[in-house]
Amino acid sequence: MTSTQPRGDVAVDGAPAGDPVLRVRGLSAHVAGQQVVEHVDLDVAPVGVTALLGRNGVGKTSTIKAVLGLIGRSGTVELDGADLVHLPTHQIVQRGVGYVPEDREVFSGLTVTDNLRLAERRGSRHRYDLVYDLFPELQERGAQAAGTLSGGQQQMVSLARALLNDNQVLLVDEPTKGLAPRLVQEVSRVLARAAQVAPILLVEQNLQVVRDLAQHAVVLTDGRSVHHGPAADFLADDALTQRLLGVHAEGGGEPTDGGSGHTGEERA
Amino acid sequence: MSTSTDASAGRRAWVGRLLPLGLVVLLACLPLLDLNLPGVLPGPTYTPGTLHLLALAMVMAALALSYHLLLGVAGLLSFGHALYFGFGAYLLGIVMTELELALVPSVVVVLLAGAVFSTLLGAISLRVTGIPFAMVTLAFAQAGSVLVRRDPGRVTGGEEGMRLPTEHVPDALVGVADTRNLYWLALAALVLAFGLTTWVQRSRAGHVAEAVRENELRVRVLGMRPFLVKLAIFVAASVIAIGMGMVHLLLNSGAVPHIVSAEFTISLLLMVVIGGVGSRWGAVGGAVLYVLLNQRLTVLAQAEWVHDLPAVLRIPLSEPMFILGTLFVLVVMFLPGGLAGTVTRLRGRRRSGGGPEEGAARLEEMDDDEQDQTVGAARP
Amino acid sequence: MSTVVLLLFTGVGLGAIYFLVASGLSLIYGLMHVLNFAHGVFLSLGAFLGFEVASRLGASTWTGFAASLLVGALAGAVFAALTERVLVQRLYERHIEQVLVTVGLGLGAVALFDGIWGTDPRFISGPAWMSRTTHILGANVPNDRFVAILVATLVLVGMVLFLQRTRYGMIIRAGVENRAMVTALGIDVRTAFTLVFTIGGIAAGLGGVLASHYFGYVSPLLGQTLLIFAFIVTVIGGLGSLTGAAVASLLVALLQQFANYYLWGTGDLAVVVLLAVVLLTRPSGLMGRRA
């Protein structure tokens with residue numbers, strides 16, 4: 001059951017019927033000449049939330065960036081059967097990949113409205129109704145510079161930028177990082193709603209959020225994918241979570257730092 | 001199989017050690033020989049004109065080596081290296097004239113003053129890195145250039161340039177008849193500069209600089225101060241440049257404001273990049289190629305047949321810097337790693353050491369601070 | 001008093017020319033991290049072609065002057081756009097090599113201008129009004145200063161409107177802040193690259209024509225000489241900041257004028273000292289984002 005490596009067209013354990021929307025095979029990536037992702041295989045199921053888990057610094061954020069072409073990479077990245085690995089970032093995104101980066105990355109000098117307008121993609125509907133329904137605050141604060149918002153509000157802008165367009169898949173990187181418990185629940189609620197519109201690949205340290213949202217889990221260790229399976233089964237396996245995440249999942253706490261060195265995502 | 005590889009590796013090591021030695025001996029004998037290289041050298045090797053050109057090439061090669069320390073070793077893109085070269089040339093003349101000192105004590109004074117001067121300016125310039133560093137060094141050099149041209153106190157000769165105060169220089173180093181001695185001086189200076197460069201590169205500072213270039217963060221984590229290491233290399237490179245400036249003063253019997261200008265530093269950049277960033281032999285080769293090519297192109301510009309060409313061809317052909325600039329752009333775009341990189345690439349993919357794309361990789365490493373721009377990586 | 005007024009206007013006029021060069025440099029650096037050594041070439045080319053057009057249409061007529069501004073701006077724009085598309089873009093993301101290419105281009109182009117127009121300065125004249133002076137508070141201020149100030153102000157206003165009001169302006173502002181995230185929103189940032197080069201070329205081309213009137217001549221080295229001061233301006237103002245470029249242009253030019261007059265012609269040195277002071281106290285410049 002554990003450590004199943006998906007190969008070829010063999011369905012990943014626990015994945016529902018249907019081809020994965022995003023299929024990654026043998027992905028490796030480097031930043032400034034340093035290897036940060038060694039070999040990652042993963043499938044994002046066509047519906048629901050797939051969680052990408054692992055200790056700090058194992059290459060989760062780098063994996064997401066490599067999928068988007070934000071860092072140099074090689075391997076296979078297929079979106080709906082089409083290979084993306086040779087495309088530049090903007091073309092990958094235009095094919096329907098929404099991205100919510102770690103640390104929000106709003107344009108602090110631009111207003112909230114301009115942040116959203118910038119995110120409007122050609123050839124896509126722009127669902128301001130959905131976005132303002134989820135985050136009424138953003139409409140009220142439209143003229144405010146995004147840099148003056150609180151962390152939680154900036155996260156809303158960041159999520160809204162991704163949800164504004166029609167997406168085939170959403171890549172969401174640590175959306176609850178540094179947020180107060182009330183806001184964590186809020187983000188969790190938004191992601192549950194977003195997952196009804198497009199499948200999500202979610203990097204998340206808060207295992208309670210993972211438990212609430214994710215159907216599938218992929219676990220990385222040292223830049224390699226080492227486990228694929230249903231999220232619930234993984235989190236229920238105490239020995240496994242202890243070994244791969246360094247926590248007792250039942251405790252629901254933050255994984256401890258595995259100390260596996262710098263892999264790009266902890267540069268701050 | 002393995003023994004033959006060992007034998008060839010051993011032979012290569014021998015060749016690697018003997019070749020430079022043989023080259024130095026050959027160069028040292030040139031003034032005594034009657035060799036002709038039509039199209040490359042203006043005349044037989046014993047003639048003063050040819051010796052002067054070769055000596056100039058060697059001084060520039062030594063200067064390019066010092067620039068290699070900045071760019072290739074420490075990853076510092078300076079646009080103000082000419083300032084130190086000019087500092088050496090002008091100050092030596094000024095010290096000899098104003099303090100009425102003989103050549104050798106003057107040289108010592110200039111070297112000491114230069115070490116202090118470059119430490120001071122280096123410490124300020126290194127407050128910033130990357131492209132801002134380039135701009136700041138450019139600004140300082142510009143100030144020096146303005147100073148030399150304005151000629152406060154009537155010591156630099158302004159636009160006219162400064163004459164070598166020959167009365168304080170040993171007779172053996174003065175006059176066209178003694179070009180030979182100047183040639184040998186230049187050769188000695190080049191050998192010394194090569195030795196110093198090698199030594200700095202292999203010293204602890206050189207190794208740390210290499211590490212800083214590759215990953216500054218890691219060096220900081222290890223508790224070392226990149227600033228001090230960069231400063232040490234900056235001062236070493238500057239002092240070598242100052243020394244070469246002094247040789248240049250003797251060689252040309254004077255100094256002109258051009259040697260303090262931004263264009264002069266840019267010509268160094270051309271030499272090092274054409275030769276191959278990160279390679280000592282590349283720097284030397286690039287400099288020699290540049291000096292000889294510049295000389296040949298100047299001759300070409302004055303050729304009869306060029307004057308008879310239509311303007312579209314005549315104008316570009318009669319501007320050596322246009323041709324050199326174009327060559328440089330082509331090298332940057334199509335020959336990553338310059339001449340040295342190309343030689344390594346041609347010599348074989350069979351050897352793994354060194355790596356063919358090293359020059360290009362070095363330039364990319366220098367970009368590291370820019371890569372903070374990637375999403376999620378930078379600001380706290 | 002009259003000296004101060006004269007120095008003030010002359011300084012602001014020079015600052016206007018610095019701004020026309022530095023604004024483009026700063027935007028290009030802010031968005032692309034390229035230090036554009038060919039920027040002075042855009043200026044010189046604008047000045048030379050403007051000079052050629054004006055002398056054909058009548059250098060002393062306003063038509064000739066207006067045409068020279070137009071042609072200067074156009075020449076700067078076209079040459080800058082070509083530079084970006086043909087040279088800089090091929091070396092995408094290789095910043096040091098991009099700088100080297102612009103260095104080579106600068107070197108080659110100046111040599112080519114030498115060949116075409118000669119190394120000696122070409123003295124130029126404009127409409128008669130521009131070479132006359134206006135009496136203000138006891139000082140006789142040359143009129144070409146006002147033209148330079150007016151044009152630079154219009155360029156500043158135009159740039160601000162473009163950056164604030166248009167989608168491409170928004171992309172450029174966002175890109176200066178965080179270029180990778182702009183591409184991660186599905187935007188092809190390379191179009192914006194060509195655009196900032198073109199805008200910089202327009203400003204530099206205009207600056208070339210105005211500089212040739214300000215200094216009274218045009219020469220192949222005009223651009224590269226101004227470029228060095230423009231570099232200093234961008235570092236002092238903060239790389240990537242348009243406001244910083246505007247403020248620092250005035251600061252540098254005024255300091256230069258006043259030091260030249262009151263401190264025995266040490267204007268250029270005073271500017272370098274100011275640069276050193278700014279670096280020691282605020283390495284990211286007056287308006288720089290990153291501390």
Would you pick out the residues in the stretch C:244-277 that are among the aromatic types (Phe, Trp, Tyr) and in contact (Cβ under 8 Å) with a residue 40 or more places away in the chain? C:Phe258, C:Tyr261
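On the basis of being more than 20 Å from the chain's Cα centre (by Cα) and charged (D, E, K, R), does C:Glu52 make the cut? Walk me through it before giving the result.
Values: more than 20 Å from the chain's Cα centre (by Cα): yes; charged (D, E, K, R): yes.
It is true that C:Glu52 is more than 20 Å from the chain's Cα centre (by Cα) and charged (D, E, K, R).
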Quick one: C:Ile149 ticks every box in (1) of a type in the set (Val, Ile, Thr); (2) more than 30 Å from A:Gly98 (Cα to Cα); (3) crowded, with 23+ Cβ neighbours inside 10 Å except a single one, so which number is it? (3)
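To keep it simple, each residue is scored yes or no on (1) more than 13 Å from every other protein chain (Cβ to nearest Cβ); (2) in a loop (DSSP other than H, G, I, E, B).
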| position | (1), (2) |
| --- | --- |
| B:Glu263 | no, no |
| B:Leu269 | no, no |
| B:Gly278 | no, yes |
| B:Trp281 | yes, no |
| B:Val284 | yes, no |
| B:Val288 | yes, no |
| B:Trp305 | yes, no |
| B:Leu313 | no, no |
| B:Phe322 | no, no |
Scan (1) under 28 Å from B:Gly43 (Cβ atoms); (2) without any contact (Cβ under 8 Å) to a residue 12 or more places away in the chain for the single condition B:Gly285 breaks and write down its number. (2)
Pair list, Cβ < 9 Å and 6+ apart or interchain, from the stretch A:75-93 residues that are within 14 Å of chain C (Cβ to nearest Cβ) and touching a residue at least 12 places away in the same chain (Cβ under 8 Å) to residues that are among the hydroxyl-bearing types (Ser, Thr, Tyr) and in a helix (DSSP H, G or I): A:Pro88/C:Thr183; A:Thr89/C:Thr183; A:Val93/C:Thr183
Can you find a residue in the stretch B:46-54 that is modelled with pLDDT under 85 and over 21 Å from B:Leu293 (Cα atoms)? no
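Listed here are the residues, each with its yes/no results for (1) away from chain A (no Cβ under 14 Å); (2) more than 13 Å from the chain's Cα centre (by Cα); (3) acidic (Asp, Glu); (4) closer than 28 Å to A:Arg104 by Cα.
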site	(1), (2), (3), (4)
C:Leu150	yes, yes, no, no
C:Tyr168	no, yes, no, yes
C:Val176	no, yes, no, yes
C:Arg179	no, yes, no, yes
C:Ala184	no, yes, no, yes
C:Thr191	no, yes, no, yes
C:Ala204	yes, no, no, no
Which residues, taken from the stretch B:330-343, are surrounded by 20 or more Cβ atoms within 10 Å (Cβ to Cβ), within 9 Å of chain C (Cβ to nearest Cβ) and assigned to a helix (DSSP H, G or I)? B:Val331, B:Val332
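Okay, residues lined up against (1) in a helix (DSSP H, G or I); (2) free of Cβ contacts under 8 Å to residues at least 40 places away in the same chain:
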| site | (1), (2) |
| --- | --- |
| C:Val147 | yes, no |
| C:Leu150 | yes, yes |
| C:Leu163 | yes, no |
| C:Val182 | yes, yes |
| C:Leu185 | no, yes |
| C:Ala192 | yes, no |
| C:Gly200 | yes, no |
| C:Leu206 | yes, no |
| C:Leu210 | yes, no |
Residue in the stretch A:37-50 that is closer than 15 Å to A:Pro101 by Cβ, buried (at least 24 other Cβ atoms within 10 Å of the Cβ) and either within 11 Å of the chain's Cα centre (by Cα) or free of Cβ contacts under 8 Å to residues at least 40 places away in the same chain (or both) present: no
From B:Leu70, B:Leu138, which residue is among the aliphatic types (A, V, I, L, M), under 15 Å from B:Ile259 (Cα atoms) and modelled with pLDDT under 95? B:Leu138
Starting from the stretch B:235-261, take each residue that is free of Cβ contacts under 8 Å to residues at least 60 places away in the same chain and list its partners that are part of a helix (DSSP H, G or I) and not basic (Lys, Arg), counting only C-beta distances under 7 angstrom and pairs at least six apart or across chains. B:His258/B:Phe264
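For the subset of the stretch C:217-229 comprising residues that are under 10 Å from the mean Cα position of the chain (by Cα) and either more than 10 Å from chain B (Cβ to nearest Cβ) or not in a helix (DSSP H, G or I) (or both), which member is surrounded by the most Cβ atoms within 10 Å (Cβ to Cβ)? If you could, list the steps in order and put the result at the bottom.
At the first step, the residues of the stretch C:217-229 found to be under 10 Å from the mean Cα position of the chain (by Cα) are C:223, C:226-227, C:229.
Applying the additional criterion that residues be either more than 10 Å from chain B (Cβ to nearest Cβ) or not in a helix (DSSP H, G or I) (or both) yields C:223, C:226.
Values: C:Gly223: 30, C:Leu226: 27.
Only one residue fits best here, namely C:Gly223.
Within the stretch B:125-160, count every residue that is within 22 Å of the chain's Cα centre (by Cα) and either away from chain C (no Cβ under 12 Å) or in a helix (DSSP H, G or I) (or both).
18
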Check A:Gln196, A:Gln139 and return the single one that is without any contact (Cβ under 8 Å) to a residue 60 or more places away in the chain and under 23 Å from A:Asp19 (Cα atoms). A:Gln196
Quick one: what pairs do we get from the stretch A:51-69, first residue away from chain B (no Cβ under 14 Å), second part of a helix (DSSP H, G or I), C-beta under 6 Å, 6+ apart or different chains? A:Ala51/A:Val210; A:Ala51/A:Ala231; A:Leu52/A:Lys60; A:Gly54/A:Lys60
Where residues in the stretch A:105-156 are among the aliphatic types (A, V, I, L, M) and away from chain C (no Cβ under 12 Å), which of them is nearest to C:Asn178 (Cα to Cα)? A:Val112
Out of the residues in the stretch B:237-259 that are more than 13 Å from the chain's Cα centre (by Cα), over 20 Å from B:Leu324 (Cβ atoms) and aliphatic (A, V, I, L, M), state the one that is surrounded by the fewest Cβ atoms within 10 Å (Cβ to Cβ). B:Leu251
Within the bounds of the stretch A:109-130, is there any residue that is outside the structural domain of A:Ile64 (by TED's automatic domain parsing) and assigned to a strand (DSSP E or B)? yes
Residues to consider are B:Ala186, B:Ala209, B:Ala205; find the one that is more than 14 Å from chain C (Cβ to nearest Cβ), closer than 30 Å to C:Leu25 by Cβ and among the aliphatic types (A, V, I, L, M). B:Ala209
From (1) surrounded by 15 or more Cβ atoms within 10 Å (Cβ to Cβ); (2) over 30 Å from C:Trp264 (Cβ atoms); (3) among the aliphatic types (A, V, I, L, M); (4) touching a helix residue (DSSP H, G or I) at 6+ places or on another chain (Cβ under 7 Å), pick out the condition that doesn't hold for B:Ala134. (4)
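Can you pull out the strands (runs of 3 or more DSSP E) entirely within the stretch A:192-256 that have at least 3 residues that are modelled with pLDDT of 90 or more and closer than 20 Å to A:Lys177 by Cβ? So that I can check it myself, show each step before the final result.
Details: elements: A:200-203, A:214-221, A:224-230.
The strands (runs of 3 or more DSSP E) meeting that bar are A:200-203, A:214-221.
Take the stretch C:252-282 and flag every residue that is polar (S, T, N, Q) and buried (at least 17 other Cβ atoms within 10 Å of the Cβ).
C:Gln256, C:Gln257, C:Asn260, C:Thr266, listed by residue number.
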Residues (over 29 Å from A:Gly72 (Cα atoms) and at the interface with another protein chain (Cβ under 7 Å from one of its Cβ atoms)) located in the stretch C:71-108: C:Leu105, C:Leu107, C:Gly108
Are any residues in the stretch C:230-251 of a type in the set (Val, Ile, Thr) and either buried (at least 24 other Cβ atoms within 10 Å of the Cβ) or not in a helix (DSSP H, G or I) (or both), and if so, which ones? C:Ile232, C:Val233, C:Thr234, C:Val235, C:Ile236
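The values are calculated or read from the model by the stated rules, or taken from the named source; none is laboratory data. Quick caveat: nothing in here was measured; it's all calculated off a predicted structure. Counting neighbours? That spans all protein chains shown, and the Cβs are built from the backbone with ideal geometry, glycine included.
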